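Okay, handing you the structure first.
The values are calculated or read from the model by the stated rules, or taken from the named source; none is laboratory data. Predicted model, so just to flag it, every value in this text is computed and none were measured. With ideal geometry, Cβ positions are generated from the backbone for all residues, glycine too; neighbour counts draw on all protein chains shown.
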Amino acid sequence: MNDAANRIRRKLLFGIMTLPITGLANAAIRTPDASEGPFYPNPGMRFDDIDNDLVIISGRIEQAGGEIVRLKGRVLDRDGKPVESAQVEIWQCDVNGRYLHRGDSGGRSRDNAFQGFGHDVTNADGKFTFRTIKPVPYTSRTPHIHLKVLIAGKEQLTTQLYLADHPGNDGDWLYRRIPQQKRDLVTMHFKKTGQEPLAEIDLVI
Ligand SMILES: [Fe+2]
């Protein structure tokens, strides 16, 4: 190979090595979808108060039973960019294991101080926040919080969030369906923050 050919070869190699990898590096893995389950409360089943604090229902004094926690996070697109004005909905059973749903009559009494369903809308940084209770197990399921993301009323994601290291996870038929390497994307790691335990999670739609 002559000098000119060598120079071209070196340039080509250097070019390949310095190709921008931004797209690749920023590409975010979509949050795994999961079943909506049978207890998504339709608007007619909800309290008038559907704000992001599920522990207090407006106009009532008592606070929901259970361990009060905060759940914060961001909604991101597949490029890792924040999504503004996304509606994030959560719903979960109360401390007695009962959902805010007419179809859940499982014999357990309902905690009438628990809102059961709430929503928040993401800000310019894609951030949302909730105050709720740490999920508890019910019937055959490991503890989980159901979650939906909608944009302009159109569903983008329906999933379920789990508690890190909960002993019930490994035996849960829906948790086991999530590929091992994607489980952390739907796992809440609650940390003591001085106030209420806090978990933060990014949702990629
Ligand atoms: Fe559920």
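Go over the candidates Gly65, Gly59 one by one and state the one that is out of contact with any Gly (no Cβ under 9 Å at 6 or more places or on another chain) and either modelled with pLDDT under 95 or within 16 Å of the ligand (Cβ to nearest atom) (or both).
Criteria check complete, one pass: Gly59.
Please find, among Asp120, Asp125, the residue that is modelled with pLDDT of 95 or more, farther than 18 Å from Gly37 by Cβ and crowded, with 20+ Cβ neighbours inside 10 Å.
The match here is Asp120.
Looking only at segment 79-94, count how many residues are part of a loop (DSSP other than H, G, I, E, B) and closer than 15 Å to His146 by Cα.
Count: 3.
To continue, here is another question. I'm trying to understand the selection: among the residues of segment 128-156, which are within 16 Å of the ligand (Cβ to nearest atom), surrounded by fewer than 21 Cβ atoms within 10 Å (Cβ to Cβ) and outside any loop (DSSP other than H, G, I, E, B)?
Correct list: Tyr138, Arg141, Lys148.
Also, quick follow-up: Confirm whether Leu161 is within 13 Å of the ligand (Cβ to nearest atom), assigned to a loop (DSSP other than H, G, I, E, B), in contact with a helix residue (DSSP H, G or I) (Cβ under 7 Å, 6 or more places away or on another chain) and modelled with pLDDT of 95 or more.
no
Let me ask something else about it. Can you tell me which residue in segment 34-49 is nearest to the ligand (Cβ to nearest atom), limited to those that are closer than 21 Å to Val186 by Cα and of a type in the set (Phe, Trp, Tyr)?
Phe39
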